[in-house]
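**Q** Submitted below is the structure of interest, expressed as structure tokens.
The values are calculated or read from the model by the stated rules, or taken from the named source; none is laboratory data. All values reported here derive from a predicted model rather than from experimental measurement. Virtual Cβ from ideal backbone geometry, glycine too; neighbours counted across all protein chains shown.
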Amino acid sequence: MTVTREQVLTGWGRLAPTTARVAAPATADEVVSLLQTTAAGSGQRGLIARGLGRSYNNAAQNDGGLVIMTERLRRITEFSPATGTTTCEAGVSLEQLMSTVLPAGWFVPVSPGTRQVSVGGAIAADVHGKNHHVAGSFARHVRWFDLLLPDGREQRVTPAGDPALFWLTAGAMGLTGIILRAQIQLTKVQTSRVRVDTDRTADIDEAMAILAAADQKCSYTVAWLDCLARGRHLGRAVVTSGDFAAISQGVCSQESRFNAQIMLGLITALAHDIELRDVVRERMIEPRTNAIRKIFERAVERGEVSPERNLDLLVSLFPALMIQQVLIVGELPDAEFSERVINDVILPLATASTNPFNS
Ligand SMILES: Cc1cc2nc3c(=O)[nH]c(=O)nc-3n(C[C@H](O)[C@H](O)[C@H](O)COP(=O)(O)OP(=O)(O)OC[C@H]3O[C@@H](n4cnc5c(N)ncnc54)[C@H](O)[C@@H]3O)c2cc1C
């Protein structure tokens, strides 16, 4: 039997504290038993689920009743690097999901201003992120969830199969039942880095104009507005916009640290200085080729690149073409060239259905 104890609870805003009996079941079966013992007519005040308590207000408190903490329902039971779907229990946090799926090239589809939010809480509040203008809210990316209804029945709810209950629960703040587990469609990303632009604006009109323009270009936008400023500066802002960096952007930012003249001098010296060649290989070439190699290895894990493909050959293409440019043009290739090499040469070769190196 799950142990319950009395606890004073508040939301993230620490307002209106109330006392409830809380229980932290470790399995869905324990949640079902708790619901049965708290059934209507037992003189108790029912129950409500609580995730990570990040609601600003007193959403998950239930004064004098029972609160089901989902903190022990934290298992990610399925993750497919090939399709980007994941199935997890309701107490799994978005942070836990991010650290599991990001190394494989996937990201949570919608992330609010904190990643300390449970999947159950994200569905129950149908949270939005800084990518709301392109991705919509969290529930749009939920394929199904298992809902424990107040009468003790467990139902798998899909947006197509039972749209009324699905969209009633998304945003119902726990009032339709307890979400036990859910399947989520993740968003694909090429790298874990984010390319960010920051604009400072003089007033609210400029802030809105820049925000509207940024929404057209970027998936993530947010603005901090100064509502205490007076006169014409009211609403001045810092607008931040960004997107996950493409592979080429990640690689280019590393390359741009080096001056072409230094590279040219180095390449000439390498021809007759074996010691220098070893140092350059170890300190300059290998870290870059290893970074590119890792990207390809993850693509192999996701099933996008065949395991038969010659990764060493693929990986060596980028530095080879960059060095060739330095030798021929005398300049370090710009970001556009690097992007073309990655997007038009290396990625098509890597993902071609037949092995281009064998034909
Ligand atoms: C710093 C900060 C930044 C934030 N930024 C944003 C933002 O950008 N966008 C946004 O939308 N929100 C934002 N929020 C609010 C937060 O995302 C939501 O309040 C979210 O619901 C909190 O999730 P939780 O796991 O902490 O749930 P809790 O606060 O514990 O519960 C929230 C509600 O969900 C219900 N619930 C929890 N788990 C379940 C379950 N398993 N089954 C059924 N119902 C359940 C509870 O009963 C309650 O009504 C922010 C909060 C903070 C503290």
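**Q** Among the residues in region 330-344, are any surrounded by 14 or more Cβ atoms within 10 Å (Cβ to Cβ), of a type in the set (Gly, Ala, Ser) and within 28 Å of the chain's Cα centre (by Cα)?
**A** yes
**Q** Step by step: first the residues of region 263-321, then only those that are hydrophobic (A, V, I, L, M, F, W, C) and either in contact with a His (Cβ under 9 Å, 6 or more places away or on another chain) or part of a loop (DSSP other than H, G, I, E, B) (or both), then the one that is farthest from residue 332 (Cα to Cα). Which residue is that?
**A** Filtering region 263-321 for residues that are hydrophobic (A, V, I, L, M, F, W, C) and either in contact with a His (Cβ under 9 Å, 6 or more places away or on another chain) or part of a loop (DSSP other than H, G, I, E, B) (or both), the one farthest from residue 332 (Cα to Cα) comes out as 305.
**Q** May I ask you to verify whether residue 89 is surrounded by 20 or more Cβ atoms within 10 Å (Cβ to Cβ) and charged (D, E, K, R)?
**A** yes
**Q** Tell me which residues, restricted to region 93-133, are aliphatic (A, V, I, L, M), more than 24 Å from residue 24 (Cα to Cα) and in a loop (DSSP other than H, G, I, E, B).
**A** Within region 93-133, 108, 110 meet the criteria.
**Q** What about residue 291, is it in contact with a Phe, Trp or Tyr (Cβ under 9 Å, 6 or more places away or on another chain) and closer than 28 Å to residue 100 by Cα?
**A** no
**Q** Let me ask something else. Across region 117-171, what is the total count of residues that are within 13 Å of the ligand (Cβ to nearest atom) and on the phi > 0 side of the Ramachandran plot?
**A** Qualifying residue count, region 117-171: 3.
Residue-wise test of (1) buried (at least 20 other Cβ atoms within 10 Å of the Cβ); (2) within 30 Å of residue 38 (Cα to Cα).
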position: 154; (1), (2): no, yes
position: 165; (1), (2): no, yes
position: 170; (1), (2): yes, yes
position: 198; (1), (2): no, no
position: 220; (1), (2): yes, no
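**Q** Can you pull out the strands (runs of 3 or more DSSP E) entirely within region 5-92 that have at least 1 residues that are at pLDDT 95 or above and of a type in the set (S, T, N, Q)?
**A** Once the strands (runs of 3 or more DSSP E) in region 5-92 are filtered for at least 1 residues that are at pLDDT 95 or above and of a type in the set (S, T, N, Q), what remains is 18-23, 76-80, 85-89.
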